[in-house]
Amino acid sequence: MTSAASAPLKALLRPLTTLYLDLHRHPELSGAEERTAGRFAGWLSEAGYEVTRGIGGHGVAGALRNGAGPTVLLRAELDALPLRETTGLPYASEGEAAHACGHDLHLAAAAGAASLLAGDRTAWQGTLLVVGQPAEETLTGARALLADGLYERFGRPDTALAQHAAPLPAGMVAHGYGPMTAGSVTFRVVVHGRGGHAGAPHLAVDPVVTAAHVVTRLQTVVAREAAPTEPVAVTVGSFRAGDRANVIPGRAELDITVRAVGERALAAAAAAVERIIRAECAAAACPRDPEIDRVSDSPVTHPDPAATAEVRAAHVAEFGAERVAMWPPTLAAEDFAHFGGDGIRLAYWMLGTIGPAAWAAAPGATAAEKLAALPANHAPDFAPDPRTALPAGVRALVSAARSALAGSPA
């Protein structure tokens, strides 16, 4: 049994599980994570960290110094998603927010890792910075932390580590040697028309029809403008217009995301989206130019190959080679990449969440068939199994951090 899976972790599992269940029951949306930040900050403080709150919003940073050596950052997220949970679990959240992406699992695992690393400082040297990031779901939190002086106040890390829940069997981790998550751009668009009576459409300029043409035309960005070898996705996630069947409204609103695993493909697709919106509005003789607001953007998460190899080796030693898989590029988006650059190495991996009973019950004869049948992140019935996923998440972070803290500063 490795040190990360020893008696100290077993002693932590009850309070860690209590923390996880509490976080799951009380999700908070991006920018409103005050209670969640307080729980995480309190845990880090009790573990002996020097804790600062209110960074870039409700961000939390806990610093622990253990002599000369590298600085390593562990990142976990505070926020939840705006949806209603349908898992039926006794600890399910109520209302219109839910931890359907696993951020509660990430936080609890980071709390456990922070305690274990603080409790045994003989296996590492350097500075450990444990960060609770706000507003990851809106892809604005990492940039806000950095803009508020995270590195100036606490020191630039040599390596930044993060993991993300995925519908793999619990007890597994997965790494990639290319892009792990896509870069993305999110647009908020207002199409301006001229309102009028439904019985006299010739006297109006209907923004609903114009926006519908935008939605339809946007499908050609992937079908006809992106190379077949380049994964790109354009999604209209929200379409809002009007209140009554007999009234042509004066405006229609769209929320659009663009994703790609290459920065050049992302830039080209985003430019195409803007071009199409303006062209459709011009074709419809809209009385005003459309409003196109880039509300967020994030780069491709491309972990450092050397850091990935080191962490992967630590995970093979911790879990065994059969539980350390490879992960292909995905069009899910993430803002963790902002923590890297200028010599800061990133290591990022996926953490399995599916308990053995759920995995066995999932239809399908192959792993791919089971994965396709199981609830994925952002689904209202996504439900990690804390009994198996939480201790694995702690072990993954501890072994990765010890590996990174054993090296020399960059």
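Side notes on the structure shown:
- Annotation for segment 82-94: no member residue is within 29 Å of R153 (Cβ to Cβ), more than 20 Å from the chain's Cα centre (by Cα) and among the β-branched types (V, I, T).
- Count of segment 342-356 residues, restricted to those that are closer than 30 Å to D385 by Cα and in a strand (DSSP E or B), is 9.
- As a summary of the residue check, Y177 satisfies the conditions (1) more than 27 Å from Y49 (Cβ to Cβ); (2) of a type outside the set (V, I, T); (3) modelled with pLDDT of 95 or more except for the one numbered (3).
- Evaluation of E152 against the conditions (1) open to solvent by 10 Å² or more (accessible area, probe 1.4 Å); (2) modelled with pLDDT of 95 or more; (3) closer than 20 Å to P299 by Cα shows that the sole unmet condition is (3).
- Candidate set from segment 292-328 (those that are over 30 Å from R275 (Cα atoms) and part of a loop (DSSP other than H, G, I, E, B)); member that is most open to solvent (accessible area, probe 1.4 Å): P328
- A212 meets the conditions (1) open to solvent by 50 Å² or more (accessible area, probe 1.4 Å); (2) over 16 Å from A267 (Cα atoms) in every case but one. The failed one is (1).
- The residue list A160, A165, A110 contains one member that is buried (at least 22 other Cβ atoms within 10 Å of the Cβ), over 27 Å from V261 (Cα atoms), modelled with pLDDT of 95 or more and within 16 Å of the chain's Cα centre (by Cα), which is A110.
- Checking L371, L331 one by one, the residue that is surrounded by fewer than 20 Cβ atoms within 10 Å (Cβ to Cβ), in a helix (DSSP H, G or I) and under 23 Å from the mean Cα position of the chain (by Cα) is L371 and no other.
- Scanning segment 252-266 for residues that are buried (at least 17 other Cβ atoms within 10 Å of the Cβ), touching a residue at least 60 places away in the same chain (Cβ under 8 Å) and not polar (S, T, N, Q) yields A252, L254, I256, V258, R259, A260, V261, G262, L266.
- Criterion: under 13 Å from Q163 (Cβ atoms), open to solvent by less than 50 Å² (accessible area, probe 1.4 Å) and hydrophobic (A, V, I, L, M, F, W, C) - qualifying residue of A383, A392, A362: A392
Yes/no per residue for (1) over 15 Å from S184 (Cβ atoms); (2) open to solvent by 90 Å² or more (accessible area, probe 1.4 Å):
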{"residue": "V222", "(1), (2)": "no, no"}
{"residue": "E225", "(1), (2)": "yes, yes"}
{"residue": "E230", "(1), (2)": "no, no"}
{"residue": "G250", "(1), (2)": "yes, no"}
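- Scanning segment 122-134 for residues that are at pLDDT 95 or above and open to solvent by 10 Å² or more (accessible area, probe 1.4 Å) turns up Q125, T127.
The values are calculated or read from the model by the stated rules, or taken from the named source; none is laboratory data. These numbers come from a predicted model, not from an experiment. As a convention, Cβ positions derive from the backbone with ideal geometry for all residues, glycine included, and neighbour counts pool all protein chains shown. All accessible areas refer to the heavy atoms of the entire protein, side chains included, with ligands and DNA or RNA removed. Shrake-Rupley method; radii C 1.70, N 1.55, O 1.52, S 1.80 Å.
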